[in-house]
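As structure tokens, the structure follows; a few thoughts come after it.
No lab work stands behind these numbers, since they all come straight from the coordinates. Everything numeric here is computed off the predicted structure, so don't read it as measured data. Here Cβ is always computed from backbone atoms with ideal geometry, including for glycine, and neighbour counts include all displayed protein chains.
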Amino acid sequence: MSGENVRVFDQVGINDVGAMSSEQCQRLVEFASVDEELTGTQNLVMIGQLLDLPRRAARQRADELLAWFDLTQAAHKVAKNYSGGMRRRLDLAAALVHQPPVLFLDEPTTGLDPRGRSDLWTFISELVADGMTLLLTTQYLEEAERLANEIIVIDGGRMIAQGTASGLKHQLGATIVDVRLPDAALAERARTRLAPIGPGEILDDGRTLAVRVTDAGAAVIDVVRSLDADGLVPEWLTVREPTLDDVFLQLTGRKAETDSIEPGASEGKRDAA
């Protein structure tokens, strides 16, 4: 089991977070917790009143949040008729009713399609830009790279790496040459052949070899020559900079797993701390 814990500390230090009261912090869990039988407005007004806001102030805050999350047109629809992305935005709005300086987000984009995930990323980035401190757990390495100022990678309940996205990738000290072979046996043969040039890992498809090299220009020529000398003809070859997936593969010896985007999916879910 594995996971990534993404921390964003722009305004509040980690020691300060531990000393904050529950009123100063808010937590958004993985799956939407709004009342499905209430409308968007009713959900937010109810939460405002539970937080001791006067009804008029609660209604005003609800209207502000619905507008900000582009939910005004759905304000009077019951939440059970919202799309997955709309429900996640409403859930995030609910967590912001009392404007907490610190927000804990537990896999907020789980269950969303790519567009819904991208929309929520935009809202999260805007929250940080406005001065809010976020602690975010995520199973998506792309999400960690896009949103986090500082990343902690946890595998099997242990912290195995910490740093910025660029710092973690820099630790690899390499450019990646991806080589796609016709079948898994040839990919394994290519890994052995290219080992003197750089360490290689077979990717999930079993046919693509990712070779870490220190000198991209010269190494690509060496890769082509070595493959040709062994009679290996790749289907394609690309050169790229390392990603957090490459970091995770290097640290754990396996690719990072991600859940299905179907709401409620939990099989293979990784722990995040």
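5 Å is the cut-off here: which amide hydrogens, built 1.01 Å from N in the peptide plane, fall below it relative to residue 134, excluding neighbours closer than 5 in sequence?
Counting only residues 5 or more places away or on other chains, the set is 8, 10, 103.
Quick check: residue separation of residue 118 and residue 215 times 0.36 nm, minus the Cα distance between them. What number comes out in nm?
Between residue 118 and residue 215, full extension yields 31.5 nm more.
How large is ³J(HN,Hα) for each residue in the range 126-142, as worked out from phi by the Karplus curve 6.51 cos²θ - 1.76 cosθ + 1.60 (θ = phi - 60°), to whole Hz, x for Gly and Pro?
5, 4, 5, 4, 7, x, 7, 9, 10, 10, 10, 9, 8, 9, 9, 5, 4
Loop-only trypsin sites (Lys or Arg not before Pro) in the range 48-94, please: DSSP not H, G, I, E or B, and at most 15 other Cβ atoms within 10 Å. Kindly include the intermediate steps, with their values, before the conclusion.
Values: sites: 55, 56, 59, 61, 77, 80, 87, 88, 89; in loops: 77.
When the trypsin sites (Lys or Arg not before Pro) of the range 48-94 are filtered for loop state and at most 15 Cβ neighbours within 10 Å, 77 remain.
What spacing in nm lies between the two simple spin-label points modelled at residue 142 and residue 60, each 7 Å away from Cα in the Cβ direction?
Result for the modelled spin labels: 4.1 nm.
Taking amide H atoms as placed 1.01 Å from N in the peptide plane, list the residues 5 or more away in sequence, or in a different chain, whose amide H sits under 5 Å from that of residue 150.
Amide H neighbours of residue 150, under 5 Å, 5+ apart: 7, 9.
Between residue 229 and residue 254, what's the calculated FRET efficiency when r is the beta-carbon distance and R0 is 30 Å? Round to 0.05. Walk me through the numbers on the way to the answer.
Details: r = 31 Å, r/R0 = 1.02.
The value I calculate is 0.45.
Please list, in order, the residues from the range 101-131 whose amide nitrogen is less than 16 Å from a point placed 7 Å along the Cα→Cβ vector of residue 51.
Residues passing the 16 Å test: 101-105, 127-128, 131.
Could you tell me how many cubic angstrom of Cα convex hull volume the range 174-241 has per residue? Please report the intermediate quantities before stating the final value.
Values: hull volume 4.8 nm³, N = 68.
Each residue corresponds to 70 Å³ of Cα convex hull volume.
Rank the residues 226, 118 as a footprinting-exposure proxy: fewest other Cβ atoms within 10 Å of their Cβ go first. Kindly include the intermediate steps, with their values, before the conclusion.
Working: 226 16, 118 13.
Starting with the residue having the fewest Cβ neighbours, the order is 118, 226.
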